[in-house]
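S.K.: Dropping the structure in here first, questions after.
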């Protein structure tokens, strides 16, 4: 940032204009930010890739089934067997279910929307277990496009009706899963924010050793969050941007975490300049002038990295891209305008009790990172080689990473009603009739399609075909958890069978087909998007550092850190947490955050190295940069790691795993990769790191004595 512009932003008069502007924006945005949860779309079809077979089948299903239909299963269980009174009560419950607002109207040729055990026998499937302990009633709802958000209330209505004195009742099936998913993300807008802010405040209190300084970064981050959420609300409401509980949670974490990181870097630089300049406005002008390029490069790297997600086939993944990019862009603007204005308005006293006085000594000279730098100086090559080998060994843990997906019962960190009900059906030998394969084909091929489905493993006898116009519909229940590998194998066998029917042009949809297509799309996105992100990050680093070799080395270190983080995480998931596997999208999401955020710390370090190189040479500059930025970057890493760990408070395995992996990767980046590996490489290669630039062609190896002298001279 131009120093004149930096001075203007925090001038004696303009600082008040900046403050008032952001206050008005923050207050005006708060109302719309609170409404963001109302425009979330957690409907499964909103995550579906448009090119998937299940999507194309879904589009053809409308004549036979409402596109917003949500089949729901009410599971009754009594140890020792359901009594005649129980069965009579269950039939009465079914009549009451039919009166609930939102129950679908059955289309011509289709089964009724409410199927009790007695009616189930008539339409051809058993709804009472052989041992008489379990029974099921299915109810199909059509609640419009907002149906998935309404399911928690509907589930409560079903429970109120389905009381079985002394027995157990569970709301399962697709509707039960939707209700439990909503519960898992329930209160995310308040509990997640409160937990995140609480952890960040504690870290800032420890970092700043000030009881009041933390207020300014936190206040700025909250303003950034409100403005980001308001912008995203309007895009979701009027521009069809997909926002779901997952992206909502990540936005909160990202804005608070990244915003605090930017604040730490700026405040640290401002503190340095306050020791060099008597006037705080002048000090802030110099701090912004020197810190803003690194902050901009960091924000641009994360934002552009997130926008690469737009190349994803998965709507949920593609939707996260602009959501996260908007959050980062707004946060960057707030932290280079509002936070500097607040700092110069409050003055030096805000640092109490450690006020940085004019010409006071710099405390980093004998800090931990200065000692690490002195330790690296005599043996840089040995340090980076050994460090690289250790990280590579950690990567071997990737052999234990299973990304074939999670069954429904393994997708949460606690057991919800829908999972308990599903287990009760499986243990009783009953099939959840809400989980079906849905085949749409050309009219006239219904007999051949029905025959192709008959006798397939794990596929129940098909229901009678229904034909509308030139399309026929055949449906059959499958006896596996919708998201299980067994269900995926069943869908693949069904597709193989019906695709072989001449002239049918059959398409297979349904819940399990959706999950299978989601898995395939996620695997495709992993292969396509990861190289694109690496290219974008490389180009940004090349423009920032005006070098080719340095960006290549930095990206290699971050990828090595990513592999090590995922390797260690895989071992933790398997042997400590006992997770059954990982979501197919887990590697991509982890990569996006670890590479985009991990490269941040290298940007903060290397921009300072380049700045110091102009005065002291690369090797001495690397030592000065490490001692100057070590403390603030370590604090920034701790903040970001802690904020991502907060994702573990949401009882969803995917988010818990993402939080652990990103937190672990950030710690590796800040404590080992940036401080030890990159610094050792800088000291080993010296001026060669800037190739093809020759800004330091005369740099010579650094001795311990020279290192001590240089640190004393600089500080």
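S.K.: By how many nm would the segment from residue 8 to residue 457 lengthen if fully extended, with 0.36 nm per residue of separation less the alpha-carbon distance?
M.R.: 154.3 nm
S.K.: Now for a separate question. In Å, what is the Rg of the alpha-carbon atoms in the stretch 532-616, and how long is Dmax?
M.R.: So, for the stretch 532-616, Rg and Dmax equal 15.9, 54 Å respectively.
S.K.: Average projected area of the Cα convex hull of the chain, in nm²?
M.R.: 33.4 nm²
S.K.: Taking the stretch 493-573 as the region of interest, what is the percent of Cα-Cα pairs per 10 angstrom bin, listed from the shortest bin to the one with the maximum distance?
M.R.: 14, 25, 24, 17, 14, 6, 0
S.K.: I would also like to ask the following. I'd like the orientation of helix 173-184 relative to the chain: the angle between its Cα long axis and the longest Cα principal axis, in ° from 0 to 90, rounded to 10.
M.R.: That helix lies at roughly 30 degrees to the long axis.
S.K.: Next question, about the same structure. Quick one: if you stick a label point 7 Å off each Cα along the C-beta vector at residue 27 and residue 279, how many nm between them?
M.R.: 3.2 nm
S.K.: Follow-up question, since we're still on this one. Measure nothing fancy, just the Cα-based angle from helix 315-346's long axis to the longest principal axis of the chain, in degrees from 0 to 90, nearest 10.
M.R.: 30 degrees
S.K.: Starting from the Cα gyration tensor of the stretch 68-177, multiply each eigenvalue by 5, take the square root, and state the resulting semi-axes largest first in whole Å.
M.R.: Each semi-axis is √(5λ); the values are 23, 16, 11 Å.
S.K.: Can you tell me the length gained on complete extension of the stretch residue 396 to residue 209, counting 0.36 nm per residue apart and subtracting the Cα distance?
M.R.: Length gained, residue 396 through residue 209: 63.3 nm.
S.K.: Averaging sequence separations of C-alpha pairs under 8 Å and six or more residues apart, then dividing by the length of the stretch 68-177, give the relative contact order as a whole percent.
M.R.: Values: 176 pairs, mean separation 51.9, N = 110.
Taking the mean separation of contacting Cα pairs over the length of the stretch 68-177, I get 47 percent.
S.K.: Within a 10 angstrom radius of the beta carbon, how do 72, 207, 260 rank from fewest other beta carbons to most?
M.R.: Values: 72 26, 207 21, 260 31.
In increasing order of surrounding Cβ atoms, one gets 207, 72, 260.
S.K.: To continue, here is another question. Based on other C-beta atoms within 10 Å, arrange 517, 669, 447 from fewest to most.
M.R.: So the ranking, lowest neighbour count to highest, is 447, 517, 669.
S.K.: Mean residue ellipticity at 222 nm from the helices of the chain, using -39,500 (n - 2.57) per DSSP H segment of n ≥ 4 over the full residue count, to the nearest 500 deg cm²/dmol?
M.R.: Taking each H run of at least 4 residues, the total per residue is -20000 deg cm²/dmol.
S.K.: What's the long-distance tail for the stretch 263-383, i.e. % of Cα pairs beyond 19 Å?
M.R.: The calculated P(r) of the stretch 263-383 puts 61 percent of pairs beyond 19 Å.
S.K.: At 0.36 nm per residue, and after removing the present C-alpha to C-alpha distance, how many nm does the segment from residue 543 to residue 191 gain when stretched out fully? Please report the intermediate quantities before stating the final value.
M.R.: Details: separation 352, 0.36 × 352 = 126.72 nm, distance 4.04 nm.
Full extension of this stretch gives 122.7 nm more.
S.K.: Fewest to most neighbouring Cβ within 10 Å: what's the order for 262, 76?
M.R.: Going from least to most buried by this count: 76, 262.
S.K.: Enter the Cα centre distance for the pair the stretch 552-582 and the stretch 87-151, rounded to the nearest angstrom.
M.R.: Centre-to-centre (Cα) distance: 45 Å.
S.K.: Same structure, new question: If you average the sequence gap of Cα pairs under 8 Å that are 6 or more apart and divide by the length of the stretch 418-534, what percent do you get for the contact order?
M.R.: Details: 177 pairs, mean separation 34.1, N = 117.
Relative contact order for the stretch 418-534 comes out at 29 percent.
S.K.: Based on a Kirkwood Rh over C-alpha pairs, give the Stokes-Einstein translational diffusion coefficient of the stretch 299-456 at 10 °C and viscosity 1.306 mPa s in µm²/s. Before the final figure, lay out each step's value.
M.R.: Details: Rh = 24.5 Å.
Rounded, D is 65 µm²/s.
S.K.: Would you calculate the convex hull of the Cα atoms in the stretch 417-516 and tell me its volume per residue in Å³?
M.R.: Values: hull volume 9.0 nm³, N = 100.
Hull volume over Cα atoms, normalised by residue count, gives 90 Å³.
S.K.: Rounded to whole Å and sorted largest first, what semi-axes of the equivalent ellipsoid does the C-alpha gyration tensor of the stretch 486-640 yield via the square root of 5 times each eigenvalue?
M.R.: 46, 19, 10
S.K.: Find the relative contact order for the chain and round it to a whole percent, using C-alpha pairs within less than 8 Å whose residues are 6+ positions apart.
M.R.: Relative contact order for the chain comes out at 18 percent.
S.K.: Could you check the spin-label model distance between residue 404 and residue 505? Points 7 Å from the Cα along Cα→Cβ, value in nm.
M.R.: If labels sit at residue 404 and residue 505, their model points lie 3.5 nm apart.
S.K.: May I ask you to work out the translational diffusion coefficient for the stretch 115-226 at 25 °C, viscosity 0.890 mPa s, via Stokes-Einstein with Rh from the Kirkwood sum over Cα pairs, reported in whole µm²/s?
M.R.: Numbers: Rh = 18.4 Å.
Estimated via Stokes-Einstein, D reaches 133 µm²/s.
S.K.: I'd like the Kirkwood hydrodynamic radius of the stretch 194-278, using the inverse of the mean 1/r over distinct C-alpha pairs, in Å. Intermediate values should be presented prior to the final figure.
M.R.: Details: mean 1/r = 0.0694 Å⁻¹.
About 14.4 Å, per the Kirkwood formula over Cα pairs.
S.K.: Sticking with the crude label model, points 7 Å out along Cα→Cβ, report the distance from residue 239 to residue 311 in nm, one decimal please.
M.R.: Here the answer is 2.2 nm between the modelled labels.
S.K.: By how many degrees, between 0 and 90 and to the nearest 10, does the Cα long axis of helix 704-714 differ from the longest principal axis of the chain?
M.R.: With both axes taken from Cα atoms, the answer is about 90 degrees.
S.K.: Between residue 556 and residue 333, what's the calculated FRET efficiency when r is the beta-carbon distance and R0 is 41 Å? Round to 0.05.
M.R.: Given R0 = 41 Å and the Cβ-Cβ separation, E is 0.80.
Every number in this text was worked out from the coordinates using simple rules, so none of it is lab data. Predicted model only: the values in this text are computed from it and were never measured. Virtual Cβ from ideal backbone geometry, glycine too; neighbours counted across all protein chains shown.
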